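The values are calculated or read from the model by the stated rules, or taken from the named source; none is laboratory data. In this text the structure is predicted, and so the values were computed from the model without any measurement. Don't worry about glycine lacking a Cβ; one is built from the backbone with ideal geometry, like all the others, and counts go over all protein chains shown. Accessible surface is based on the protein model in full, side chains and every heavy atom, while ligands, DNA and RNA are left aside. Shrake-Rupley method; radii C 1.70, N 1.55, O 1.52, S 1.80 Å.
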Amino acid sequence: MRLDKYLCDALGATRREATKIIKSGEVSVDDVVQKSGAFKVQEGACVEWQGRELAKPGPRYLMLFKPQGFVCSHEDGFNQTAFTLLDEVNSKDLHFAGRLDVDTTGLVLITDDGQWSHRITSPKHKCEKTYRVWLVDPIEAHYVEQFAQGIELRNERELTKPAKLEIVDAKEHEVLLTIHEGKYHQVKRMFAALGNKVEHLHRERIGDIILDESLEPGEYRALTEQEIDSIWK
Ligand code: URA
């Protein structure tokens, strides 16, 4: 790809702006300053602008360990948005493939590929999500069966789809819940319907993508090819 086209795609710049930036000597390819827009960028080359590597043009796929206190939207009058945790150019083009509540922690996937995220969020595709849940009150014996059968949520006509509940630590009121729907506040509402309350909610898995254990809250990384492709299975 030509260097000026690379810059247009990576920075959302016009061709004229890209040419100006390149001429200023602020752009290097594999550590060599390039001043011609016609320069051919090879596959896998490292293109830097003002010393900062530019994301390869093309769709982006990221996993973020969302901490508490951040919202999954571009704007919020009160809380910080999780986009402020990203060091990405053109972050306005990115969206969440499924949101978490402000007080929920864990795995969120972020992309600019609408078809890919639709595959995750559309109920038709039954993409599983696993949550680790800490409850306020003790886990009752009938919960596992009740989640498998479906639960009647407040203000909903249909029962929830069969979900898998695993008891991790009865003493700590800790369970793992796997669902493949994404109704508003679904997990909290499911437990509320059984008369319990969620103390803390943490998402660990979406489809085959598991939150990377090496990420600290607030950190993110690009998905691997294998993780990206797993969503199409
Ligand atoms: N269900 C909830 O209730 N909250 C979340 O953040 C995610 C799933």
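With the structure loaded, tell me whether Val175 is under 25 Å from Asp103 (Cβ atoms) and at pLDDT 95 or above or whether it fails that test. Outline the logic, then answer.
Values: under 25 Å from Asp103 (Cβ atoms): yes; at pLDDT 95 or above: yes.
Criteria met by Val175.
Name the one entry in Gln68, Gln42 that is open to solvent by 30 Å² or more (accessible area, probe 1.4 Å), of a type in the set (S, T, N, Q) and touching a His at 6+ places or on another chain (Cβ under 9 Å).
Values: Gln42 fails: touching a His at 6+ places or on another chain (Cβ under 9 Å).
Selected residue: Gln68, the only one of Gln68, Gln42 that is open to solvent by 30 Å² or more (accessible area, probe 1.4 Å), of a type in the set (S, T, N, Q) and touching a His at 6+ places or on another chain (Cβ under 9 Å).
Which condition number does Gln149 fail, the rest of (1) of a type outside the set (Val, Ile, Thr); (2) loosely packed, with under 14 Cβ neighbours inside 10 Å; (3) without any contact (Cβ under 8 Å) to a residue 40 or more places away in the chain; (4) more than 15 Å from Glu181 (Cβ to Cβ) being met?
It is condition (4) that Gln149 fails.
Here are the criteria: (1) small (Gly, Ala, Ser); (2) closer than 17 Å to Asn90 by Cα; (3) not in a helix (DSSP H, G or I). Tell me which single one Ala10 does not satisfy.
(3)
In segment 191-216, how many residues are within 14 Å of Arg132 (Cβ to Cβ) and either within 16 Å of the ligand (Cβ to nearest atom) or part of a loop (DSSP other than H, G, I, E, B) (or both)? First the steps, then the outcome.
So the first thing to find is which residues in segment 191-216 are within 14 Å of Arg132 (Cβ to Cβ), and the list is 191, 198-206, 210-211, 213.
Narrowing further to those that are either within 16 Å of the ligand (Cβ to nearest atom) or part of a loop (DSSP other than H, G, I, E, B) (or both): 191, 198-206, 211, 213.
Result for segment 191-216: 12.
So that you can scan it fast, the table gives a plain yes or no per residue for (1) in a helix (DSSP H, G or I); (2) in contact with a His (Cβ under 9 Å, 6 or more places away or on another chain):
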site	(1), (2)
Asp4	yes, no
Gly77	no, no
Val89	no, no
Arg99	no, no
Gly106	no, yes
Leu109	no, no
Ser117	yes, yes
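Just checking, how many residues over segment 174-185 are within 13 Å of the ligand (Cβ to nearest atom) and either open to solvent by 60 Å² or more (accessible area, probe 1.4 Å) or out of contact with any Leu (no Cβ under 6 Å at 6 or more places or on another chain) (or both)?
Within segment 174-185, the subset within 13 Å of the ligand (Cβ to nearest atom) is 177-185.
Then drop every residue that is not either open to solvent by 60 Å² or more (accessible area, probe 1.4 Å) or out of contact with any Leu (no Cβ under 6 Å at 6 or more places or on another chain) (or both), which leaves 178-185.
So the answer is 8.
Testing Phe83 on (1) of a type outside the set (Lys, Arg); (2) closer than 24 Å to Ser214 by Cβ; (3) part of a loop (DSSP other than H, G, I, E, B), one condition comes back false. Which one is that?
(3)
On the basis of being in a loop (DSSP other than H, G, I, E, B) and within 11 Å of the ligand (Cβ to nearest atom), does Glu156 make the cut?
Details: in a loop (DSSP other than H, G, I, E, B): yes; within 11 Å of the ligand (Cβ to nearest atom): no.
No: the conditions fail for Glu156.
Answer yes or no: is there a residue in segment 103-111 that is assigned by TED's automatic domain parsing to the domain that holds Glu219 and open to solvent by 20 Å² or more (accessible area, probe 1.4 Å). Spell out the reasoning first.
Initially, segment 103-111 is screened for residues assigned by TED's automatic domain parsing to the domain that holds Glu219, giving 103-111.
The next check asks that each one be open to solvent by 20 Å² or more (accessible area, probe 1.4 Å); those that pass are 103.
Looking for residues that are assigned by TED's automatic domain parsing to the domain that holds Glu219 and open to solvent by 20 Å² or more (accessible area, probe 1.4 Å), one finds at least one in segment 103-111, hence yes.
Does Asp137 meet the test of being outside any helix (DSSP H, G or I), open to solvent by 30 Å² or more (accessible area, probe 1.4 Å), at pLDDT 95 or above and not hydroxyl-bearing (Ser, Thr, Tyr)?
Working: outside any helix (DSSP H, G or I): yes; open to solvent by 30 Å² or more (accessible area, probe 1.4 Å): yes; at pLDDT 95 or above: yes; not hydroxyl-bearing (Ser, Thr, Tyr): yes.
Answer is yes for this residue.
Gln226 is checked against (1) out of contact with any Asp or Glu (no Cβ under 9 Å at 6 or more places or on another chain); (2) in the same structural domain as Trp116 (by TED's automatic domain parsing) and fails just one. What number does that condition carry?
With (1) out of contact with any Asp or Glu (no Cβ under 9 Å at 6 or more places or on another chain); (2) in the same structural domain as Trp116 (by TED's automatic domain parsing) applied to Gln226, the lone miss is (1).
Of these, Gly98, Gly114, Gly77, which one is open to solvent by 30 Å² or more (accessible area, probe 1.4 Å), in the same structural domain as Pro217 (by TED's automatic domain parsing), of a type outside the set (Phe, Trp, Tyr) and within 14 Å of the chain's Cα centre (by Cα)? Talk me through it step by step, then tell me what you get.
Numbers: Gly98 fails: open to solvent by 30 Å² or more (accessible area, probe 1.4 Å); Gly77 fails: within 14 Å of the chain's Cα centre (by Cα).
Being open to solvent by 30 Å² or more (accessible area, probe 1.4 Å), in the same structural domain as Pro217 (by TED's automatic domain parsing), of a type outside the set (Phe, Trp, Tyr) and within 14 Å of the chain's Cα centre (by Cα) holds for just one of Gly98, Gly114, Gly77, which is Gly114.
Only one residue in Lys171, Lys164, Lys188 is within 11 Å of the ligand (Cβ to nearest atom) and under 30 Å from Pro138 (Cα atoms). Which one? Talk me through it step by step, then tell me what you get.
Numbers: Lys171 fails: within 11 Å of the ligand (Cβ to nearest atom); Lys164 fails: within 11 Å of the ligand (Cβ to nearest atom).
Among Lys171, Lys164, Lys188, only Lys188 is within 11 Å of the ligand (Cβ to nearest atom) and under 30 Å from Pro138 (Cα atoms).
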